[in-house]
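What follows is one structure encoded as structure tokens, with my remarks underneath.
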Amino acid sequence: MADNIMVIDARGSFCPGPLMELIRAIKSAEIGQVIAVLSNDSGSKKDIPLWAGKAGQEFIGVEAHGEYDEITVRKVR
Amino acid sequence: MDKERISMIVFSGEMDKLLPVGILASGAIAMGQEVRIFLTFWGLMALRKGAFFQMPVSPSFAPMVGDLGKTLQEKKIPGLVDQLRTAKELGDVEIVACGMTMDLFGLKLEDLEDIVDRVAGVGEFIETAKEGHTTLFI
């Protein structure tokens with residue numbers, strides 16, 4: 001298991017940019033990698049969990065940081 | 001059974017109508033679906049090399065947005081070409097150009113952005129669209 005969290009700073013990126021950046025990162029990441037997406041696009045916190053369910057990846061959670069959300073997933077397959 | 005495929009006939013050349021084409025294609029790829037795009041008339045003209053950000057905005061809305069192409073570029077919002085390029089990198093997207101429009105306007109494949117795969121006829125596209133669950137005319 002990878003302990004270190006990979007952070008994708010997608011703040012300023014418009015829908016569906018943050019999700020697309022996450023998908024790109026997931027493709028090259030190792031299984032077990034935890035990835036946190038920083039996004040100020042309001043669609044991301046709905047789209048990313050939905051995508052994770054569909055893609056069979058583990059959605060860990062959303063943390064609101066005022067101006068932006070931190071959405072965390074783990075690559076499990 | 002229907003394929004998880006969304007097909008789009010892109011006729012419009014107005015920038016505000018073209019942006020959703022890229023967004024919908026990206027969303028479909030994100031959700032694991034295939035995307036097939038048929039570019040015809042003004043939609044094809046918008047994918048001539050370097051043309052996208054010069055395309056007009058729908059007349060009713062133009063006064064609200066001013067120079068949309070400039071705004072998009074200033075805010076670093078990807079235009080249709082970059083959105084489709086990303087979608088193609090991440091999933092199964094095929095973009096074809098209407099042969100009739102190519103002939104009408106004297107265009108060659110090399111006049112178009114490199115994300116356009118090939119020239120095709122409408123019959124083939126209609127057959128492709130038939131296999132999918134959703135077809136949009138934009």
Worksheet item: What do you reckon, is A:Gly56 under 23 Å from B:Leu24 (Cα atoms) and in contact with a Lys or Arg (Cβ under 9 Å, 6 or more places away or on another chain)?
Response: yes
Discussion item. Looking at A:Glu63, A:Glu70 in this structure, which one is more than 14 Å from chain B (Cβ to nearest Cβ) and surrounded by 15 or more Cβ atoms within 10 Å (Cβ to Cβ)?
Written reply: A:Glu70
Worksheet item: Which ones in segment B:15-58 are in a helix (DSSP H, G or I) and within 14 Å of another protein chain (Cβ to nearest Cβ)?
Response: B:Leu19, B:Pro20, B:Val21, B:Gly22, B:Ile23, B:Leu24, B:Ala25, B:Ser26, B:Gly27, B:Ala28, B:Ile29, B:Ala30
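Closer than 27 Å to B:Glu4 by Cα, surrounded by fewer than 16 Cβ atoms within 10 Å (Cβ to Cβ), out of contact with any Gly (no Cβ under 8 Å at 6 or more places or on another chain) and modelled with pLDDT of 95 or more, is that true of A:Ile31?
yes
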Discussion item. Need pairs with beta-carbon distance below 7 Å; first residue more than 11 Å from every other protein chain (Cβ to nearest Cβ) and farther than 10 Å from A:Lys75 by Cα and within segment A:42-60, second of a type in the set (Ser, Thr, Tyr) and loosely packed, with under 12 Cβ neighbours inside 10 Å; sequence gap 6+ or separate chains.
Written reply: none
Item to complete: Check B:Ile29, B:Ile77 and return the single one that is surrounded by 16 or more Cβ atoms within 10 Å (Cβ to Cβ), modelled with pLDDT under 95 and farther than 29 Å from B:Asp103 by Cα.
Response: B:Ile77
Discussion item. Six or more apart or on different chains, Cβ atoms under 7 Å: show the pairs whose first residue is in segment B:74-94 and within 12 Å of another protein chain (Cβ to nearest Cβ) and in contact (Cβ under 8 Å) with a residue 24 or more places away in the chain and whose second is charged (D, E, K, R) and in a helix (DSSP H, G or I).
Written reply: B:Leu90/A:Arg24
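The values are calculated or read from the model by the stated rules, or taken from the named source; none is laboratory data. It should be emphasised that the depicted structure is a prediction, and the values quoted were computed from it without experimental measurement. Virtual Cβ from ideal backbone geometry, glycine too; neighbours counted across all protein chains shown.
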